[in-house]
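The values are calculated or read from the model by the stated rules, or taken from the named source; none is laboratory data. Treat the numbers as computed from the prediction; the structure is a model and nothing was measured. Here the Cβ positions follow ideal geometry from the backbone for every residue, glycine too, while neighbour counts run over all protein chains shown.
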Amino acid sequence: MADISSDSGSHKKGGKKRSKKAPTRIDFTPMVDLGFLLITFFMLATSLIKQQTMEITMPSDKKVSEENQTVAKASQAVTLILAKNDKVFYYFGQSENAEIVETNYSNSGLRTMLLKKNYEIAKQVEDLKVEKVKTKMADEIYQKRLSEIKAGKNAPVVRIMATDDASYKNLVDALDEMNISSISRYAVVDVDSADMQLIRGKIN
Amino acid sequence: MPKVKVARKSTWVDMTAMCDVAFLLLTFFILTSNIVKKEPVLVYTPSSISEIKIPETNIMTILVDKSGKVFFGIDGQDRREQLINKMAQKYGIILSEAEIKQYTLLDVSGNPIGAMKDYLNLKLEERENPDNNLGIPVDSTDNQLKTWVKTAREINRDSRIAIKADQNTPYSVIKKIMKSLQQIDENRYNLITRLEEGAES
């Protein structure tokens, strides 16, 4: 390989002396091999895809002054309790006398419930999406209108309570459901003892 | 004889152009790539529909594995150097030049600060051993993660916090991390997820 193809081999006895022409022709094949080998290496060793992420804002533990506190109406409140073995419980309103329902993370479980609860807003968001495609709305305007809709008066307020036995996946799934069903008012809070009581008989 | 010679000549392909292309592509890949660094533990993140991309700079990563070990790291070698120097100062440990250099090469590290010196002196192969990665303590009595994050925040005010945890991590560990972040007024952060497979509607 890598021969400088001048005259090697072509020199037979008494051959014509044409060897002095074009003496510097290099075989590039090995170099190409090397090049592609390195390309392959870099393609495999690199990550062109950036990681996906989900943004979350947690409530500050500083005391919030009385007037800044958002008081949720009991009718809008939904509480999710994430328990072990991928179980989810929810109830509406306050924890006293609440009727607790067990569900799961599937399409027909939690999502249906949340979408039903958030029906009006989810519908408006859907309409806005259609409008965006139709009118080629600018992204800024879209985002602005989206947040306006989501902050609507009747938007449900969801409290996500994860028990210690729940997995991280459960939490992310629950947060994901919030995004899917266009709920902007939610918080991850600690489980209090009253809620633990509610689900006590149902977890095994 | 001459006929054979002609036939042989015709198989000669000029590889120069192909070589050019190969190296052009190579250059492109070298310039655009960021090499996948091996994390000390394998973490399988949960999936979500979120499509926000995480930036590569100005980021601090909190890595949590299934067993609940916590790792922490920031981007940029110069920042890492500042970070480890400050941390060493805060905890009163002395690190040599070489050890600091070793630290700047780490994406994330997860050891109590007391064990850091030993860890940095380990060989690369030994670092993967789970026994050598004890995790950063996040207990209420000894919360070193808080100090790490606080120190990293002093170095870079604009950085975001990204939590990358395994999907089977118990929530109790995540809760401890979230509580620690809450205590130092870090209320906005990102959870790293992967894209949902088989898009559900």
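Check whether at least one residue in the range A:7-14 is modelled with pLDDT under 75, more than 8 Å from chain B (Cβ to nearest Cβ) and touching a strand residue (DSSP E or B) at 6+ places or on another chain (Cβ under 8 Å), and report yes or no. Taking every residue of the range A:7-14 in turn, none turns out to be modelled with pLDDT under 75, more than 8 Å from chain B (Cβ to nearest Cβ) and touching a strand residue (DSSP E or B) at 6+ places or on another chain (Cβ under 8 Å).
The residue list A:Ser193, A:Ser147 contains one member that is of a type in the set (Ser, Thr, Tyr), under 25 Å from B:Ile192 (Cα atoms) and away from chain B (no Cβ under 14 Å), which is A:Ser147.
Residues that are assigned by TED's automatic domain parsing to the domain that holds B:Asn190 and crowded, with 19+ Cβ neighbours inside 10 Å occur at least once in the range B:84-94.
Residues in the range B:158-193 that are part of a strand (DSSP E or B), of a type outside the set (Ser, Thr, Tyr), facing chain A (nearest Cβ under 7 Å) and out of contact with any Lys or Arg (no Cβ under 7 Å at 6 or more places or on another chain): B:Ala162, B:Ala165, B:Pro170, B:Arg188, B:Leu191.
Residues of the range B:50-66 that are farther than 20 Å from B:Ile174 by Cβ and either out of contact with any Lys or Arg (no Cβ under 6 Å at 6 or more places or on another chain) or of a type in the set (Ser, Thr, Tyr) (or both): B:Glu51, B:Pro55, B:Glu56, B:Thr57, B:Asn58. For the subset of the range B:48-62 comprising residues that are part of a strand (DSSP E or B) and farther than 15 Å from A:Ile56 by Cβ, which member is farthest from the other protein chains (Cβ to nearest Cβ)? Filtering the range B:48-62 for residues that are part of a strand (DSSP E or B) and farther than 15 Å from A:Ile56 by Cβ, the one farthest from the other protein chains (Cβ to nearest Cβ) comes out as B:Met60.
For every residue, the table says whether it meets (1) in the same structural domain as B:Val138 (by TED's automatic domain parsing); (2) under 14 Å from the mean Cα position of the chain (by Cα); (3) surrounded by 17 or more Cβ atoms within 10 Å (Cβ to Cβ).
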site	(1), (2), (3)
B:Phe23	no, no, yes
B:Phe71	yes, yes, yes
B:Arg80	yes, yes, yes
B:Ser96	yes, no, no
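So, B:Tyr171, is that one of a type outside the set (A, V, I, L, M, F, W, C), surrounded by 19 or more Cβ atoms within 10 Å (Cβ to Cβ) and either outside the structural domain of B:Lys66 (by TED's automatic domain parsing) or more than 18 Å from the chain's Cα centre (by Cα) (or both) or not? The answer is yes for B:Tyr171. Tallying residues that are within 16 Å of A:Ile56 (Cα to Cα) and at pLDDT below 80 within the range A:151-181 yields 0. Residue count for the range A:162-181 satisfying the condition of being more than 10 Å from chain B (Cβ to nearest Cβ) and not in a helix (DSSP H, G or I): 1.
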